[in-house]
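Undergrad: The structure's right below; bear with me while I get my questions together.
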Amino acid sequence: MLGGTPSIAGLECPRCRSADLDGHGGRLECRDCGSSYPVLGRVPVMFRDALPVAGDEPDTATIHQLLGALGLGSASVDALRVRQMFRRQARFGDEQLRVESVQLLDRVRGTGHSIGGAGREAEDAPPDADAAAVPRYRWTLDYVPPVLPRAAETMANLRFRNTGPVAFRHRPPNEVKVHVSWFDESGGPVDAPDVRTPLPIDVPPGREITVPAFIPTPRATGRMQLRLSFVQEGVRFLHDDAKRIPVRVGDAPDGPALPAGWVWNEGPRRSYDEDHRHAQEALKRWLMPLRDRRLRILEIGGNVHPMAAGLANVDLYNLDVDVLGLQLGEMVHRRDGRDVAFLCADAEDLPFPPAFFDAVVMFATLHHFPDPARVLGHVATRVRPGGFIGVLCEPVGHIHPGAISQEFLSELRKGVNEQSFTASEYDAMFRRARLRAEEASIDVDSLKARLVPL
């Protein structure tokens with residue numbers, strides 16, 4: 001164990017919700033149910049299925065590059081601590097978590113630092129030798145509005161999982177595309193343009209991604225059913241796993257560009273750092289009405305450098321799944337004299353009691369969750385009455401098929417859950433979580449929203 005087991009106020013066992021936790025031997029043990037959670041570099045790993053495993057140790061040059069990037073210098077004791085962090089890591093049962101939990105080095109490289117080798121991108125799948133193998137899938141989420149204008153080409157985010165034995169290829173031959181079709185209330189087909197949406201990457205068995213899909217609407221109006229399906233070009237339609245959703249097609253023009261009360265601020269576009277500094281100022285302003293006492297704030301996705309760390313008179317908890325980043329962050333902030341509780345835990349299974357936090361904040365984090373509304377709904381249970389959820393620096397707009405940036409594609413190919421939503425999709429997401437935006441602004445393409453219960 002490195003540096004002992006920290007004491008984190010309010011921490012509970014995720015299994016039985018007991019706060020009677022005993023730290024020893026590099027683990028936290030629940031005295032009530034006997035569950036055990038590893039502690040790595042003073043960071044508790046509060047996942048039900050996380051296991052400590054041996055990791056690959058980087059070379060000395062990589063360690064010193066990482067220390068330099070974090071402003072830690074090159075003291076031998078710091079280098080030793082970092083080396084030990086790499087030696088003992090956590091392994092998660094969920095594949096998406098495994099991918100997201102090992103992104104630190106790539107993220108540090110993204111700031112301009114040269115560190116080790118780049119993360120590996122998945123290669124395109126070769127054409128399947130068994131032509132009889134049928135791709136299978138399950139639609140997990142859709143953001144199709146309940147009302148759409150007639151004779152229009154709209155877009156909506158659709159999310160699916162490859163449940164079959166073969167990859168969904170995005171390039172010829174036999175590439176797979178999203179296919180939509182319309183039916184009237186009696187089940188009869190309704191004419192509409194046949195516009196198919198290509199996939200951005202190959203989707204291997206077990207992988208789940210979000211695709212902004214073209215949805216051309218018919219000229220006819222009325223209550224209809226929209227069928228979401230796929231087509232394997234030149235081979236077959238894949239309707240066996242299709243999903244039908246009710247939609248009303250009408251003569252009304254498109255609705256307002258923004259939900260009621262939201263504000264859109266035109267350019268110029270800020271840099272990533274400038275946008276985050278602007279969001280920090282918004283957060284400070286949102287917290288002002290609560291400043292009659294010391295506040296307890298949870299930041300989700302803060303990694304090494306939680307954006308709320310500079311707030312005064314605050315007990316800050318920083319939660320992420322990147323265990324290495326959390327360990328390094330704890331090291332950096334302890335050196336700087338900042339009292340921040342770093343922990344690795346599931347945002348959909350927070351190890352804290354209800355109404356524990358005055359505010360929960362996320363900077364450029366929400367869109368990385370497979371089901372953001374489900375996360376928000378759970379997080380809201382941990383916010384006290386009068387508090388709020390701050391969603392900041394969220395990307396706004398669909399990533400148009402065929403015009404995806406190389407950076408976005410690179411993240412997708414590494415297995416990162418990249419997706420982006422329109423303002424109306426965010427609004428629907430918030431309402432599904434029984435929340436509303438008390439204040440929301442979009443700075444060109446970056447959303448800042450203060451969420452409170454409906």
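The values are calculated or read from the model by the stated rules, or taken from the named source; none is laboratory data. This one's a predicted model, so the numbers in the text were calculated from it and none came from an experiment. Cβ atoms come from the backbone with ideal geometry, glycine included; neighbour counts cover every protein chain shown.
Undergrad: Give me a count of the residues in the range 162-220 that are part of a loop (DSSP other than H, G, I, E, B) and either touching a Gly at 6+ places or on another chain (Cβ under 8 Å) or not aliphatic (A, V, I, L, M) (or both).
TA: Residues flagged as part of a loop (DSSP other than H, G, I, E, B) and either touching a Gly at 6+ places or on another chain (Cβ under 8 Å) or not aliphatic (A, V, I, L, M) (or both) within the range 162-220 amount to 27.
Undergrad: Could you tell me whether ARG81 is over 22 Å from ASN303 (Cβ atoms) and not in a strand (DSSP E or B)?
TA: Here the answer is no, as ARG81 does not meet what is asked.
Undergrad: If you don't mind, another one. Across the range 386-407, which residue is nearest to the chain's Cα centre (by Cα) among those that are at pLDDT below 90 and not in a loop (DSSP other than H, G, I, E, B)?
TA: Of everything passing the filter in the range 386-407, GLU407 is nearest to the chain's Cα centre (by Cα).
Undergrad: A further question on this structure: Give the residue, chosen from LEU324, LEU258, LEU343, that is at pLDDT 95 or above and either closer than 20 Å to ALA364 by Cα or assigned to a loop (DSSP other than H, G, I, E, B) (or both).
TA: Among LEU324, LEU258, LEU343, only LEU343 is at pLDDT 95 or above and either closer than 20 Å to ALA364 by Cα or assigned to a loop (DSSP other than H, G, I, E, B) (or both).
Undergrad: Condition test on ALA279, is it at pLDDT 95 or above and closer than 14 Å to LEU447 by Cα?
TA: yes
Undergrad: Give me the residue from the range 183-208 that is over 15 Å from ALA152 (Cα atoms) and more than 33 Å from the chain's Cα centre (by Cα) and, out of that set, surrounded by the fewest Cβ atoms within 10 Å (Cβ to Cβ).
TA: SER186
Undergrad: Which ones in the range 287-301 are touching a strand residue (DSSP E or B) at 6+ places or on another chain (Cβ under 9 Å) and surrounded by fewer than 18 Cβ atoms within 10 Å (Cβ to Cβ)?
TA: PRO289, LEU290, ARG293, ARG294
Undergrad: Mind telling me which of the residues VAL361, VAL375 ends up being at pLDDT 95 or above and either polar (S, T, N, Q) or in a helix (DSSP H, G or I) (or both)?
TA: The unique qualifying residue is VAL375.
Undergrad: Consider ALA355 carefully, then state whether it is part of a loop (DSSP other than H, G, I, E, B), under 21 Å from THR140 (Cβ atoms), in contact with a strand residue (DSSP E or B) (Cβ under 6 Å, 6 or more places away or on another chain) and free of Cβ contacts under 8 Å to residues at least 60 places away in the same chain.
TA: So ALA355 does not fit the description; no.
Undergrad: A further question on this structure: Based on what the data block shows, is VAL304 assigned to a loop (DSSP other than H, G, I, E, B), in contact with a Gly (Cβ under 9 Å, 6 or more places away or on another chain), aliphatic (A, V, I, L, M) and crowded, with 23+ Cβ neighbours inside 10 Å?
TA: In short, yes.
Undergrad: Of (1) in a loop (DSSP other than H, G, I, E, B); (2) over 19 Å from the mean Cα position of the chain (by Cα), SER441 satisfies all except one. Which?
TA: (1)
Yes/no matrix, rows are residues, columns are (1) touching a strand residue (DSSP E or B) at 6+ places or on another chain (Cβ under 6 Å); (2) surrounded by 16 or more Cβ atoms within 10 Å (Cβ to Cβ); (3) modelled with pLDDT of 95 or more:
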position: SER7; (1), (2), (3): no, no, no
position: GLU12; (1), (2), (3): no, yes, yes
position: CYS16; (1), (2), (3): no, no, yes
position: ASP20; (1), (2), (3): no, no, yes
position: HIS24; (1), (2), (3): no, no, no
position: CYS33; (1), (2), (3): no, no, yes
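Undergrad: Restricting to strands (runs of 3 or more DSSP E) lying wholly in the range 4-46: which have 2 or more residues that are out of contact with any His (no Cβ under 9 Å at 6 or more places or on another chain) and among the charged types (D, E, K, R)?
TA: Filter on the range 4-46 gives 27-30.
Undergrad: Another one. Could you say which residue among ASP240, ASP273, ASP251 is surrounded by fewer than 17 Cβ atoms within 10 Å (Cβ to Cβ), touching a Ser or Thr at 6+ places or on another chain (Cβ under 7 Å) and either within 30 Å of ASN157 (Cβ to Cβ) or in contact (Cβ under 8 Å) with a residue 40 or more places away in the chain (or both)?
TA: Criteria check complete, one pass: ASP251.
Undergrad: When you go through LEU80, LEU66, LEU51, LEU21 one by one, which is the residue that is in contact (Cβ under 8 Å) with a residue 60 or more places away in the chain and not polar (S, T, N, Q)?
TA: None of the other options fit; the residue is LEU66.
Undergrad: If you don't mind, another one. Suppose we keep only residues that are within 15 Å of PRO351 (Cα to Cα) and hydrophobic (A, V, I, L, M, F, W, C) within the range 378-402. Which one would you say is surrounded by the fewest Cβ atoms within 10 Å (Cβ to Cβ)?
TA: ALA380
For (1) acidic (Asp, Glu); (2) out of contact with any strand residue (DSSP E or B) (no Cβ under 7 Å at 6 or more places or on another chain); (3) surrounded by fewer than 18 Cβ atoms within 10 Å (Cβ to Cβ), each residue gets a yes or a no:
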| position | (1), (2), (3) |
| --- | --- |
| ALA50 | no, no, no |
| ASP56 | yes, yes, yes |
| ILE63 | no, yes, no |
| LEU66 | no, yes, no |
| GLY71 | no, yes, yes |
| SER74 | no, yes, yes |
| VAL77 | no, yes, yes |
| LEU80 | no, yes, yes |
| ASP94 | yes, yes, yes |
